[in-house]
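Read-outs: derived from the displayed coordinates by stated rules, not from any lab. Predicted model only: the values in this text are computed from it and were never measured. A quick note on method: Cβ atoms are made from the backbone with ideal geometry, for glycine too, and the neighbour counts reach across all protein chains shown.
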Amino acid sequence: MPHRNWTHRCSASGGSANMSTPTCKHCGEAGEPDGWSYGMHEAMAAYQTLYRLKPTGPHRKAADDAFRGLTVACDVCSGRGVIDHPPGAAVCPSCRGLRRLFIVPEDVVDSIRVRVLDAFPDVAAEPVDSFPTGLVMHDLARGVIVGYSRDEVDRITSKED
């Protein structure tokens, strides 16, 4: 789930730090709001949805190298996928929550993805259902992120009551 970030200029350490807490863990002083960020699983879901590859594994260095320079961080959300929308956050309308945008045609992206899959045949992954508005989980057995709409979660949890 996206979480708010704060920038702290810590009087105890004399440095600056970005934290997900409104008060500095070291000196207790209040920080300045600094936008929003995804949690680890949401970041993995954004990667999987954008590249259609598993978000972790031995292919990542080769895939990241192959796609380097073919995407840019979204200007609207500063590459965070979410924007401030008081009293909370909203999905970035420009990148649709994916944080990055391709700057090359889709056929170039597809050809690079095929090259990665030729070298690592078991790393293909489908875009995450309901991302970024649903809930995501890491399926460790398959190495992919799976998504559930909030309605699906409500349906599942109401059966357990």
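For the ranges 50-62, 108-120, what's the packing order if you count other beta-carbon atoms within 10 Å of each residue, average per peptide, and put the highest first?
Packing order, densest peptide first, comes out as 50-62, 108-120.
With labels modelled as points extended 7 Å from the Cα through the Cβ direction, what inter-label distance (nm, one decimal) is found for Leu70 paired with Asp122?
2.4
Calculate how steeply helix 150-159 sits against the longest principal axis of the alpha-carbon atoms of the chain, using the helix alpha-carbon long axis, and give the answer as 0 to 90 degrees to the nearest 10.
90
Between the stretch 1-48 and the stretch 57-126, how many Å separate their Cα centres?
The distance from the Cα centre of the stretch 1-48 to that of the stretch 57-126 comes to 23 Å.
Could you tell me how many degrees, from 0 to 90 and to the nearest 10, lie between the Cα long axis of helix 40-51 and the main elongation axis, the longest principal axis, of the Cα atoms of the chain?
Once rounded, the angle reads 40 degrees.
Looking only at GluC sites (Glu not before Pro) in DSSP loops with at most 14 other Cβ atoms within 10 Å, what is the longest site-free stretch of the chain?
Result, exposed sites excluded: 30-159.
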